[in-house]
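All remarks here apply to the structure that follows.
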Amino acid sequence: MGGPEPAEVEEDATYLQLRDFTPVIVHRTRARDRGEVLRFVRHLTADSIELRYGSPMREETVAEELLGLATPDPRVSLVMETVTSGPRVVGTAEFVRYRHEPSRAEVAFLIEDDFQGRGAATVLLYELARRARADGVRWFTAFVLRENVAMCDVFVHSGFPYRVVRDGPQWIVELDIGTSKREDDREVPSRTGPAIAPS
Ligand SMILES: CC(C)(COP(=O)(O)OP(=O)(O)OC[C@H]1O[C@@H](n2cnc3c(N)ncnc32)[C@H](O)[C@@H]1OP(=O)(O)O)[C@@H](O)C(=O)NCCC(=O)NCCS
């Protein structure tokens, strides 16, 4: 009950679950997701938007960015929806390939505040990596504000080999997604603090 009707199931949808077994669907963002993406953005805190974009942004602009309509970059944008009470966007992720180096892509994530800490970004990272690998991408790069411990934790705990470089107020994180990783393969380092240091 409450799940998507067969006609609504997207061809590219992947059925996954969060750490607490909440079922979710991940699929590419479509123009018709605009209303739901805008609702998602309106539920975000200003802090989350600032951590994602580095400065405050208007909700409509954030929604346009997430829908991939604001820039012509070669990007793949994903939304994560819960399916228990009708489709509801609770997270987004994207990778944008570098034109001059197509084996490399920049990644970013944005998760609804109520859903943070439940493994949503981790699930999206694996799904993004799976799709990017199939597209010939080997490296993910992320620009993360240094105070963004949660985002650093997602990368460091992912199990993908990584390198971190400090660059002013941010970390530049480089992940080698060349090898497929299952969640239960990943090494979980000590939780005493962010296991990252400038290289
Ligand atoms: C950063 C963000 C994407 C993480 O998403 P998430 O779904 O909460 O991440 P997950 O639940 O998969 O994993 C979070 C990890 O960080 C830890 N964590 C979560 N919140 C934390 C916090 N406030 N402080 C420290 N660690 C935290 C969790 O324990 C988890 O580690 P684990 O895998 O060892 O358990 C999310 O917080 C977010 O959308 N933030 C605002 C936007 C943003 O910062 N985007 C990144 C720009 S590149």
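Derivation of every value follows stated rules applied to the coordinates shown; laboratory data play no part. Note that the coordinates shown come from a computational prediction; the quantities given were computed from them, not determined experimentally. Positions of Cβ are generated from backbone atoms using ideal geometry, with glycine treated the same way; all protein chains shown enter the neighbour counts.
Some notes on this structure:
- Residue count, the range 99-117 (criterion: touching a residue at least 24 places away in the same chain (Cβ under 8 Å), over 19 Å from Glu59 (Cβ atoms), of a type outside the set (S, T, N, Q) and part of a strand (DSSP E or B)): 5
- Number of positions in the range 52-63 that are surrounded by fewer than 18 Cβ atoms within 10 Å (Cβ to Cβ) and assigned to a helix (DSSP H, G or I): 4
- Among the residues of the range 13-51, those identified as in a helix (DSSP H, G or I), more than 12 Å from the ligand (Cβ to nearest atom) and of a type in the set (D, E, K, R) are Arg32, Asp33, Arg34, Glu36, Arg39, Arg42.
- Restricting the first member to the range 135-150 and to residues that are closer than 11 Å to Phe109 by Cβ, and the second to residues that are acidic (Asp, Glu) and within 12 Å of the ligand (Cβ to nearest atom), the beta-carbon pairs closer than 7 Å and six or more apart or on different chains are Ala142/Glu106.
- Restricting the range 122-159 to residues that are over 15 Å from the mean Cα position of the chain (by Cα) and assigned to a loop (DSSP other than H, G, I, E, B), the residue that is farthest from the ligand (Cβ to nearest atom): Gly136
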